[in-house]
Each structure stands twice: as structure tokens, then as C-alpha cells.
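The values are calculated or read from the model by the stated rules, or taken from the named source; none is laboratory data. Small disclaimer: the values here were computed from a predicted structure and weren't measured. A quick note on method: Cβ atoms are made from the backbone with ideal geometry, for glycine too, and the neighbour counts reach across all protein chains shown.
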Amino acid sequence: MKKDHGQRTEIEHGLYRIIAGQRGKSFKAIAYVDMRKVAETSGENAEEAINSLKAFLDAKTAKRKEGRKEEVPSAAEFKDALEVLRVNMPDRLMDILFTHRRLPDDTATMLQLARISSGWTSTVMEVEYARLGRKISRLLGFSPVCKGLEPHLMPVVVFATPKGSMHKGIWKLRPQFAAALDDLKGHVPAKRPNGAATSVRASPA
């Protein structure tokens, strides 16, 4: 998505939000994860600066993927994805993720998580966890498959894995995802532009 704001151009590139514009006699392009600046390039014009930055970010992404163990994203990658997604994530879901992390062995059933939410049902929990998994999958290019698991729950495997017998529905957070939650600071999402309160229903896809 590309947005033009007068002298400034803003685009999304994978995990990153790129803002480019003229500064003095040169053009700068800066990449952010949420509000955190991660890279900057310059060029003779905005397009050159943006293309240079995209090339750098693509190389960084490729290097991260090469360094994955058994193709699972690192804690740093999961953290970046959460930082990008949390602004539009239901506040309740972020709180549930942190609670899931604090439970023994990082494990819980959807029913347990629903009870923690004080309003969602286990079905809504499945929907929210699956939706989060799909979003992380798109950002990180990670789509694992778990044999025997119901298709509607497959996206959850992106950040949590079934523990024990499938029918028990016990989910254990991936160690890398758990570490990302530990490292994520200030987890309260930024205020939404419309100031709307978080709904207790499943958020739209």
C-alpha cells in the first residue's frame, strides 16, 4: 500500500513501514517496525531511496530466514511481527497471550484461555488465535503443517503447537514466540484513530 502525504511518501513492505521524503538537498527513506526505526537510506530522489531501502530490508529478511532453526522464525522475528500487529489487535488478545506465557510450561486449552478472557467463548478463542497465526504467517513467510490437526486450527501452529493427544486441545507456545513475548515491552496497543473501544467479539479478518 502506498500513501502520498504532500512531500512525504509512506508504503508498507512486509514487516516494515517505509516513510520517504526530502531532507535538505537529499531524499531519505526510513524503515520502521511499529514506531521503532530499523534502517535508513538516501538517494537523489524518493524512488531511489526507497528502492535502496527495500533491497536492504529484503537482504535482511533473507538472512534471517537462512538462520532459522528447523524453519521456525526467531524470537526477534516474532517480536517484530507482534509489534506490527498489536496496534490493531484486540487489547484482550494481547493480555491473553501474556497470560498464556505465564501458565505452567506455556500450555493451555482454548477453554482455559476463554475463561481468562472473561467474555470470549472457546470458539472465539480459536478464531482469534487462528487469525493471529495467519497474520504472522503472512508477515514472516512461515506456514507450518501439523498432521491430523483440524484445518481451521492449522494457523495456530505458527506460534503454538498441540501438546499430547490432538483431541485434548492443549496448546504450547513455541519457545521462540514465548521469548518474543518476554522481550516485548509496553504491550498496551496504541490508541486507535477512531478511539473505538475493543469489542468482545472476534475482530474482522
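Given the condition without any contact (Cβ under 8 Å) to a residue 24 or more places away in the chain and surrounded by 17 or more Cβ atoms within 10 Å (Cβ to Cβ), answer yes or no: does some residue in the range 82-94 qualify? Within the range 82-94, not a single residue is without any contact (Cβ under 8 Å) to a residue 24 or more places away in the chain and surrounded by 17 or more Cβ atoms within 10 Å (Cβ to Cβ).
If you go through the range 97-114 and keep only what is within 15 Å of the chain's Cα centre (by Cα) and either crowded, with 20+ Cβ neighbours inside 10 Å or not assigned by TED's automatic domain parsing to the domain that holds V124 (or both), you end up with just L97.
All conditions but one from (1) touching a strand residue (DSSP E or B) at 6+ places or on another chain (Cβ under 6 Å); (2) of a type outside the set (D, E, K, R); (3) assigned to a helix (DSSP H, G or I) apply to T41; the one that does not is (3). Condition first: of a type in the set (D, E, K, R) and either surrounded by fewer than 20 Cβ atoms within 10 Å (Cβ to Cβ) or more than 24 Å from P104 (Cα to Cα) (or both). Now tell me which residues in the range 122-139 satisfy that. Selection gives R131, R134, K135, R138. Filtered by the rule that a residue be of a type in the set (S, T, N, Q), in a loop (DSSP other than H, G, I, E, B) and modelled with pLDDT of 55 or more, the range 159-205 gives a lone residue, S165. Does L53 qualify as being assigned to a helix (DSSP H, G or I), crowded, with 19+ Cβ neighbours inside 10 Å, hydrophobic (A, V, I, L, M, F, W, C) and not assigned by TED's automatic domain parsing to the domain that holds T121? In short, yes. Please determine, by comparing only the residues of the range 60-75 that are modelled with pLDDT under 95 and of a type in the set (G, A, S), which one is farthest from L139 (Cα to Cα). Residue satisfying both the conditions and the ranking: G67.
In the range 140-158, the residue that is modelled with the highest pLDDT out of those that are under 15 Å from R68 (Cα atoms) and buried (at least 19 other Cβ atoms within 10 Å of the Cβ) is V158.
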